[in-house]
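**Q** Right, I'll just put the structure down here and ask away after.
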Amino acid sequence: MIRFLDLGKVNAAHGAEIEAAIARAVRSGWYLQGREVASFEEEYAGFIGTAKAVGVANGLDALILIFRALIESGRLSPGDEVIVPANTYIATILAITETGLTPRLVEPDPVTLQIDPLKIEEALGPRTKALMIVHLYGRCAYNDRIADIVKKHNLILLEDNAQAHGAFYDTRRTGSLGLAAAHSFYPGKNLGAMGDAGAVTTDDEELENIIRALANYGSQRKYVFKYQGKNSRLDEIQAALLRVKLRHLDADNNERRRVASIYYDSISHPDVMLPPTPDMHRNVFHIFPVLSDRRDELQRYLKDNGVETLIHYPIPPHRQECYSEWANMSLPITESIHSRELSLPISPVLTDEEAIKVATLINNF
Ligand SMILES: *Cc1c(COP(=O)(O)O)cnc(C)c1O
């Protein structure tokens with residue numbers, strides 16, 4: 001059986017270092033808001049290329065805290081519109097609605113699967129204040145056209161970098177391209193913890209300070225509460241092991257590129273489309289999506305032949321019960337991607353032989 005993602009094997013590759021880091025955190029006797037988190041924040045900001053990083057409890061909180069901080073600082077007001085790709089993972093949209101903002105769902109480009117810049121301009125209205133791009137599947141969603149639109153319409157640019165730790169736009173990392181970025185270290189992400197964890201990166205000191213306070217009950221000084229905050233902390237044990245995995249992240253992403261290269265070189269089937277990736281070096285292949293009109297049949301065939309695949313994602317946000325008010329919205333490109341997408345196994349520890357087996361099976365489909 002070729003697993004979609006063998007997390008035990010992924011972490012075992014750095015097992016001794018991870019166990020030593022966890023032991024150090026355990027022995028320190030200090031488990032929250034300590035040295036490991038402070039060091040991780042500094043190292044992660046350095047990696048991404050921002051002045052600051054704030055460790056938080058998970059990726060959804062990172063998104064929510066960015067929007068709340070923008071509201072607390074007067075840069076957004078409830079009811080303002082935020083443009084977001086219609087085919088993103090639900091968390092991006094949940095953060096917008098939870099903070100009283102209004103999502104404007106914009107269709108992706110059917111080839112790149114990333115938000116379509118032409119459709120961003122069509123969606124702009126008088127209350128559109130921000131654009132949240134999502135580097136879905138590990139591919140950079142930013143481009144020169146988006147840069148022009150942001151400038152021309154004076155939009156606040158935000159990034160959901162949950163799936164793209166280490167990816168590049170030109171020479172800059174994703175997560176450093178806008179005013180603030182949310183990162184998730186959910187175990188299956190490229191930089192994955194062993195539990196929940198997340199971070200916000202930004203160059204903006206005011207936002208950093210508000211987010212730190214909001215994540216700590218709204219307090220900047222002990223027992224003094226400036227905001228109605230929440231508790232959203234990264235813990236010392238997760239931070240200690242994330243520091244280890246961060247040191248290996250670029251090399252691990254290169255291993256993902258190795259697998260992706262095999263898929264690109266080997267898969268050729270008239271009914272299976274591989275989204276083009278113009279620059280292997282910048283894509284971190286969190287997910288390797290293929291598109292097929294015979295998706296469900298292909299998934300069953302691969303399963304019968306010992307290959308586990310997943311679908312990212314089976315139901316688009318506007319078709320979810322939690323957003324029943326959007327049930328009649330028509331987003332044909334998003335709907336088409338959700339009905340045709342299949343994610344092939346990919347990870348730093350998937351072997352060449354396994355990738356070739358997957359490719360050969362697909363060619364014989
Ligand atoms: C994983 C993910 C999130 C949420 O992260 P959690 O840590 O699970 O809360 C947000 N956005 C995207 C695009 C994701 O893939």
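Read the figures in this text as sums done on the coordinates, not as results from a lab. Quick caveat, the model's predicted, so the values are computed rather than measured. Positions of Cβ are backbone-derived with ideal geometry, glycine not excepted, and every protein chain shown enters the neighbour counts.
**Q** So what's the Cα pair-distance distribution over segment 282-363, bin width 5 Å, in %?
**A** 3, 14, 21, 21, 16, 12, 8, 5, 2, 0
**Q** To make sure I understand, if each residue's beta carbon is the centre and we count other beta carbons within 10 Å, what order do F288, F47, F225 fall in, fewest to most?
**A** Details: F288 27, F47 20, F225 13.
Ordered from fewest to most neighbouring Cβ atoms within 10 Å, F288, F47, F225 come out as F225, F47, F288.
**Q** If the only charges are +1 at each Lys and Arg Cβ and -1 at each Asp and Glu Cβ, what is the size of the charge dipole of segment 1-103 around the Cα centre, to the nearest 20 debye?
**A** For this selection, approximately 200 debye.
**Q** Label points 7 Å out from Cα along the Cβ direction at Y217 and D265: separation in nm?
**A** Between Y217 and D265, the label points sit 5.7 nm apart.
**Q** Take segment 1-139, compute every pairwise Cα distance, and split them into 10 Å bins from 0; I just need the percent in each bin.
**A** With 10 Å bins starting at 0, P(r) equals 10, 26, 31, 21, 10, 1.
**Q** Sum up the lysine pairs in segment 216-365 that clear both bars: alpha-carbon distance under 29 Å and a spacing of 8 or more or different chains.
**A** The result is 4.
**Q** For the chain, which semi-axes, largest first and in whole Å, follow from the square roots of 5 times the eigenvalues of its Cα gyration tensor?
**A** Sorted largest first and rounded, they come to 32, 27, 17 Å.
**Q** To continue, here is another question. Would you list the membrane-span-like helices of the chain, meaning whole DSSP H runs whose alpha-carbon atoms span at least 18 Å along their axis and whose mean Kyte-Doolittle value is at least -1.0?
**A** Membrane-span-like by this rule: 15-28, 35-48, 59-72.
**Q** Something else now. Would you kindly state how much longer the chain becomes between R247 and D148 on full extension, computed as 0.36 nm times their sequence separation minus their alpha carbon distance, in nm to one decimal?
**A** Result: 32.2 nm gained on full extension.
**Q** If the only charges are +1 at each Lys and Arg Cβ and -1 at each Asp and Glu Cβ, what is the size of the charge dipole of the chain around the Cα centre, to the nearest 20 debye?
**A** 760 debye
**Q** In Å, the Kirkwood hydrodynamic radius of segment 115-240 over pairs of distinct alpha carbons?
**A** One decimal place: 16.1 Å for the Kirkwood radius.
**Q** Right, another one. Assigning unit charges at the beta carbon (Lys, Arg +1; Asp, Glu -1) and nothing else, what dipole magnitude in debye, to the nearest 20, does segment 226-365 show about its Cα centre?
**A** With only Lys, Arg, Asp and Glu charged at Cβ, the dipole is about 560 debye.
**Q** What is the calculated FRET efficiency for I356 to D293, with r their C-beta to C-beta distance and R₀ = 22 Å, to the nearest 0.05? Provide the component values of the computation, followed by the final result.
**A** Numbers: r = 25 Å, r/R0 = 1.13.
So the FRET efficiency works out to roughly 0.30.
**Q** Could you check the spin-label model distance between M329 and R3? Points 7 Å from the Cα along Cα→Cβ, value in nm.
**A** Between M329 and R3, the simple spin-label model gives 3.6 nm.
**Q** What nm distance separates the two modelled labels at S336 and W30, each placed 7 Å from Cα along Cα→Cβ?
**A** Going from the S336 label point to the W30 one covers 5.6 nm.
**Q** Right, next: Can you pull the percent of Cα pairs in segment 196-269 with separation above 16 Å?
**A** 67 percent
**Q** So, R0 is 30 Å and r is the distance between the beta-carbons of N363 and E122; what FRET efficiency does that work out to, to 0.05?
**A** 0.15
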